[in-house]
1. Once amide H atoms are built 1.01 Å from N in the peptide plane, which residues 5 or more positions from residue 26, or in another chain, come under 5 Å H to H?
2. Spelling out what I want: for every residue of region 76-84, take phi, set θ = phi - 60°, compute 6.51 cos²θ - 1.76 cosθ + 1.60 (Karplus), and round to whole Hz; glycine and proline get x.
3. Just need the relative contact order of the chain here, percent rounded to a whole number, with Cα pairs under 8 Å and 6+ apart.
4. Through the Karplus equation 6.51 cos²θ - 1.76 cosθ + 1.60, θ set to phi - 60°, convert the phi angles of region 66-74 into ³J(HN,Hα) values in whole Hz; use x for Gly and Pro.
5. Could I have the simple spin-label model distance between residue 104 and residue 26, label points 7 Å from Cα toward Cβ, reported in nm to one decimal?
6. Too long at a 20 Å Cα-Cα cut-off: which of 12/91; 91/114; 39/68; 42/91; 71/110?
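Any read-out appearing in this document is the output of simple, stated calculations on the displayed coordinates, not a laboratory observation. These numbers come from a predicted model, not from an experiment. Note that we place each Cβ from the backbone using ideal geometry, even for glycine, and neighbour counts take in every protein chain shown.
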Amino acid sequence: MFCNVGFAECIKGDCINGYGTYTLTSGINAGSKYVGEWKDGKENGQGTYTWVSGNTWLNGNKYVGEYKNGKPHGQGTYTWANGNKYVGEFKDAKRNGLGIYTFANGTVDKGIWKNNQLIEPN
């Protein structure tokens, strides 16, 4: 399987239409892994994506939640390696809708988000 960041290998289950696990075997994010539901060869439904290396994502970033067409979409939790965390709604891989962003230092931003920006604090 080829994706936009290198080659990937389905190591368990059905990575086309069903539930499966794949890992990236080359490219900037080699070793990263997705475990979850698939539709038409794209992450779709409930799943977990863990980034482990590369210059695009910090080591240890993790997203657990819903996907649509290979992107975080719906309810989910994104945790950054630095300790920051967002729990809430996503649309096309961006924070959109009701959500809570907790910084590693304990500061909290909550409310309505649009395109990764807090537009209506609560």
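1. Amide H neighbours of residue 26: 7, 31.
2. Computed from phi, the couplings for region 76-84 are x, 10, 10, 10, 8, 4, 7, x, 5 Hz.
3. On the way: 332 pairs, mean separation 15.0, N = 122.
After rounding, I find 12 percent.
4. Per-residue couplings from phi come out as 8, 10, 9, 6, x, 10, x, 7, x Hz.
5. Output for this residue pair reads 3.4 nm.
6. Working: 12/91 28 Å; 91/114 9 Å; 39/68 9 Å; 42/91 16 Å; 71/110 22 Å.
Check vs 20 Å cut-off fails for 12/91; 71/110.
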